[in-house]
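Here the structure comes first, spelled out in structure tokens, and everything after it is commentary.
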């Protein structure tokens with residue numbers, strides 16, 4: 001019964017979305033307040049219906065109702081509750097339902113929080129958001145219905161993919177989707193702005209928090225995915241440049257550019273059409289990501305079950321949404337004229353440079369990811385692009401970006417001179433020099449020295465920028481708005497990230513050997529000794545594994561428990577690496593094939609500062625949330641609304 | 001409308017064109033590094049422990065090298081398909097018994113029938129690793145000269161055999 005009610009709620013939500021995508025548009029065209037207000041109610045209603053449908057689906061998983069095909073295929077009565085729940089989105093149908101729930105959720109926030117928005121803009125944005133909803137709900141209802149029944153009912157489910165049975169991964173997709181889907185709002189507002197032929201400060205002010213939210217969630221989502229791959233897949237890598245990772249990273253790069261260009265638009269009323277284009281691009285890249293993961297056009301470890309029908313539908317959806325948006329952009333973008341020209345030596349100019357570099361970085365990732373596909377289409381040969389390409393092309397652009405990131409924020413808006421920033425640049429340059437020399441000397445790596453020096457340059461530059469904003473006084477520091485702290489946190493996070501990635505790339509160490517219990521491997525100053533290996537059955541898998549003791553200079557440092565697990569239901573094998581996470585050296589061991597007589601293949605690792613890669617990502621994401629608290633991002637209340645729009649209108 | 005505004009749209013259409021094309025291709029055909037390369041060298045005992053086998057066993061006949069194990073549920077699914085090929089004299093069926101014990105493998109082959117002309121026993125993934133196997137079952141088509149020509153991941157269904165593997169095997173057999 002729950003299943004049918006959920007199904008009906010889903011169909012109702014589809015109908016609501018259909019009306020919601022037309023009526024407010026008509027209302028905005030005719031300036032009819034009642035028709036526009038219908039959109040407000042429909043947006044909330046659509047979300048409630050979808051949330052209800054999602055709860056219904058979750059219930060079928062929790063009570064193990066295997067008459068539902070999805071639960072039968074992806075759940076199992078023996079599974080812990082957490083994984084029964086995460087199983088809801090650990091598959092194609094459920095995860096796409098989660099996607100629409102979130103999209104409708106973001107849409108519902110527009111009427112709830114956007115009371116100060118111009119009515120026409122709001123109505124149009126709500127309608128566009130609903131059009132996206134119609135597309136995805138149609139996709140679910142016609143190709144991927146999660147509420148499909150199964151007859152005869154199986155005795156038990158066939159289990160969640162064991163690789164996905166992990167807390168890190170249980171929370172990875174929701175965060176990732178909150179990010180992906182969060183960029184649907186900037187998209188809808190970009191279309192609404194094109195329809196209105198006007199982008200102004202109100203638009204930028206209203207949208208910036210949503211870009212921040214989406215960006216922060218996406219940052220957390222990507223970091224969780226990276227952390228999961230690091231300890232679950234047991235490869236000892238934190239980023240593989242795998243196509244599926246890349247397609248989550250591309251919206252992040254575009255979103256980062258958007259985050260900065262929207263600041264220019266909000267403060268200086270320029271880069272209007274560029275910002276609109278970025279808003280469209282960012283969400284389009286999220287759609288491309290969904291298409292790639294779910295159509296299976298690129299080979300990846302993460303791909304969902306491949307289904308050509310779904311691929312065709314998603315491509316049509318991508319083509320309609322993005323193609324439509326870009327057609328509108330081609331027709332209307334000339335009406336979004338910039339009010340004031342930009343000056344190169346100013347914060348505005350620095351942010352333009354930031355955008356150029358980020359988009360260049362995005363282009364290199366894009367090219368590397370889709371190159372195999374292009375080549376296959378052109379001459380039919382199968383190639384794959386690996387990490388060396390990305391390291392060679394992406395890293396130098398990022399270094400350049402960090403170089404300008406260190407000094408850009410020191411400039412004033414509007415107009416500034418190089419002379420004013422010469423002093424701080426010299427200080428940052430000294431920091432670079434000292435760190436470079438020390439690293440090159442003691443770490444014996446010139447490239448590592450340059451990269452660590454750049455991290456120091458960025459950190460010092462950021463702190464100087466903060467000091468100058470606060471006039472070097474404690475009182476000034478206290479008076480800083482939340483956005484300043486967001487900027488400081490995010491940029492320092494980037495500095496830490498750079499340092500951590502550098503030390504991982506230059507000073508990480510690994511060793512592999514065949515060990516019988518009691519034997520040991522040496523890695524630098526560390527000795528890894530394999531203890532007794534035992535096996536057995538647990539929950540829904542068979543396992544064997546043991547402890548690896550790590551000692552340094554005879555002193556015990558850590559005990560790493562590593563295991564191989566075999567899931568008979570899915571016929572799948574996973575490796576649980578033994579991890580000793582620490583702020584300094586992370587020690588790591590994973591056990592492979594073998595037996596007690598011949599020995600087990602054991603791989604051991606020493607990873608300096610690797611945890612800071614994820615901690616710095618968390619710092620960046622938190623900084624995004626901190627920025628939200630900035631008062632200047634609040635929309636004026638209704639009474640002031642008329643006043644402000646009038647002023648912006650006059651400025652045009 | 002201005003021309004500059006059309007640039008993003010044009011770029012996007014090119015991308016959609018490529019994506020649409022890619023939908024018509026099956027990426028799992030992606031050959032792995034091994035396609036058109038010689039079968040990796042190995043030296044392993046056969047299942048009966050009467051003989052030592054190496055890559056030369058693949059020369060002279062077109063072979064189907066099938067990775068299986070008694071623990072592998074999906075292998076029982078494709079087993080009838082392999083049994084149907086048992087009597088094809090022109091095609092050599094080579095089993096690679098992976099991560100298994102001799103006892104279990106023999107019991108499994110007695111129970112379900114033994115379609116293989118020869119079974120390589122590989123309990124410690126000595127051959128599996130150079131072959132780049134991600135899971136069982138997986139099947140390689142090897143030509144007369146010992147070159148790998150195709151890799152199929154997963155169960156050989158009757159459709160896959162009829163539409164993909166059989167035509168390939170027959171075309172390889174036609175080459176002298």
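Quick look at the numbers
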read-out	value
Linear extension gain, residue A:468 paired with residue A:628, 0.36 nm per residue minus alpha-carbon span	55.4 nm
Chain A: calculated mean residue ellipticity at 222 nm from DSSP helix runs of at least 4, using -39500 (n - 2.57)	-21500 deg cm²/dmol
Cα-based radius of gyration of the range A:504-622 once divided by 2.2 N^0.38 Å, which approximates compact folds	1.15
Degrees, to the nearest 10: B:102-112 long Cα axis against longest axis of chain B	80
Cα principal axis extents for the range A:1-165, largest first, Å	58, 27, 21
Chain B: angle of helix B:73-83 to the longest principal axis, Cα-based, in degrees nearest 10	70
Modelled FRET efficiency - R0 56 Å, residue A:549 with residue A:2, Cβ distances, 0.05 increments	0.65
Residue exposure sequence - A:126, A:85 - by fewest surrounding Cβ within 10 Å	A:85, A:126
Relative exposure of A:156, B:162, judged by other C-beta atoms within 10 Å (fewest first)	B:162, A:156
C-alpha center-to-center spacing [the range A:35-102, the range A:314-379] in angstrom	34
Sorted by Cβ density within 10 Å, fewest first, the residues A:364, A:529	A:529, A:364
The protein assembly as shown: projected area of the alpha-carbon convex hull, averaged over directions, in nm²	38.8
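Each value in this text was obtained by applying a stated rule to the coordinates, not by laboratory testing. All figures in this text were calculated on a predicted structure; none of them were measured in a lab. Virtual Cβ from ideal backbone geometry, glycine too; neighbours counted across all protein chains shown.
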